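So the structure is just underneath, and the comments pick up after that.
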Amino acid sequence: MSDRDPELQALLDKQAIREVLTRYTRGADRGDADLIEAAYHPDAIEDHGGTFEGPASEYVAMLRKILPTAPRMTHMITNILIELDGDRALSECYMLTFSRRETGDDGFDSLTMARAIDRFERRDGRWAIAHRRISWEWNTEFDIKESWGRGMIAPDPSQLVRGGKKPDDILYDVKDAFDGH
């Protein structure tokens, strides 16, 4: 533990946990399984609310096969509450996920709300998930009706720069340029 003021250390610990959660969702959206893997301790457990239960390493291995060709997704996390207890923490966060399912003539958009209940542990100075449980709260689907504000945002949507999977998303171009200074 640090010699820092306990309140300051609590803020730093909570921020470190928030960054783990945010990098996890970036990994899901960009198809970057390395970011998801880094969110877990090597012996972590993943209980994905009825869709997977077992070692997080097996969950990540499954995602490595799925994410590169998964549909476009956007995860937003909110209502993050973190309760610290020394080198352990309990975190609850709400995840709102939008995904576009373009399946021929029957494409649809899906909006899902879930909650992640995570037991975090700090090991060797690093916060990561030791056990995750997902609770699915609700889901709604609707026809794709992308008009970009009825043309006011983008009269020609084919000119828009769109998000993509690793390494094709603009994030990785910018990171490469940033790392190269």
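The values are calculated or read from the model by the stated rules, or taken from the named source; none is laboratory data. Keep in mind it's a predicted model, so treat the numbers as computed, not measured. Cβ: placed from backbone, ideal geometry, glycine included. Neighbour counts: every protein chain shown. The area values use the complete protein model at the heavy-atom level, side chains included, leaving out ligands, DNA and RNA. Shrake-Rupley method; radii C 1.70, N 1.55, O 1.52, S 1.80 Å.
Can you bin the stretch 70-179 into rounded, prolate or oblate? Criterion: square roots of the alpha carbon gyration tensor eigenvalues sorted a ≥ b ≥ c, rounded for a/c under 1.5, prolate for a/b above b/c, oblate for the rest. Oblate.
Couplings for the stretch 74-86, taken from phi via the Karplus curve 6.51 cos²θ - 1.76 cosθ + 1.60 with θ = phi - 60°, read 9, 9, 10, 10, 8, 6, 7, 10, 10, 10, 8, 8, x Hz in order; Gly and Pro are left as x. When Thr69, Thr97 are compared by accessible area at a 1.4 angstrom probe, the order from most to least is Thr69, Thr97. Each part reduced to its alpha carbon centroid, the stretch 1-66 and the stretch 104-161 end up 17 Å apart.
Do any chymotrypsin sites (Phe, Trp or Tyr not before Pro) in the stretch 42-150 lie in a DSSP loop with no more than 13 other beta carbon atoms within 10 Å, and if so, which? Sites meeting the loop and neighbour criteria: Trp148. Normalised by the number of residues in the chain, the average gap of Cα pairs under 8 Å and 6 or more apart makes the relative contact order 19 percent.
The GluC sites (Glu not before Pro) of the stretch 54-157 that DSSP puts in a loop, and whose beta carbon has at most 10 other beta carbons within 10 Å, are Glu146.
Of the DSSP H helices in the chain, not one has a Cα length along its own long axis of 24 Å or more together with a mean Kyte-Doolittle hydropathy reaching 0.5. Applying 1/(1 + (r/R0)^6) with R0 = 45 Å to the Cβ-Cβ distance of Phe142 and Arg64 gives a FRET efficiency near 0.90. Accessible area per residue was computed with a 1.4 Å probe on protein heavy atoms; Asp143 scores about 100 Å². Of Leu12, Leu171, Met113, which is farthest towards the positive pole of the chain's charge dipole, taken about the Cα centre with +1 and -1 on the beta-carbons of Lys, Arg and Asp, Glu respectively? The residue sitting most towards the positive pole is Leu171. Over the chain, DSSP H runs of length four or greater, each weighted -39,500 (n - 2.57), average out per residue to a 222 nm ellipticity of -9500 deg cm²/dmol.
Per residue, the accessible area of the stretch 80-173 comes to 64 Å² when a 1.4 Å probe rolls over the protein heavy atoms. For the chain, the share of accessible area belonging to carbon and sulfur comes to 52 percent (1.4 Å probe, ligands and nucleic acids excluded). With protein chains left intact and a 1.4 Å probe, residues in the stretch 15-73 average 49 Å² of accessible area per residue.
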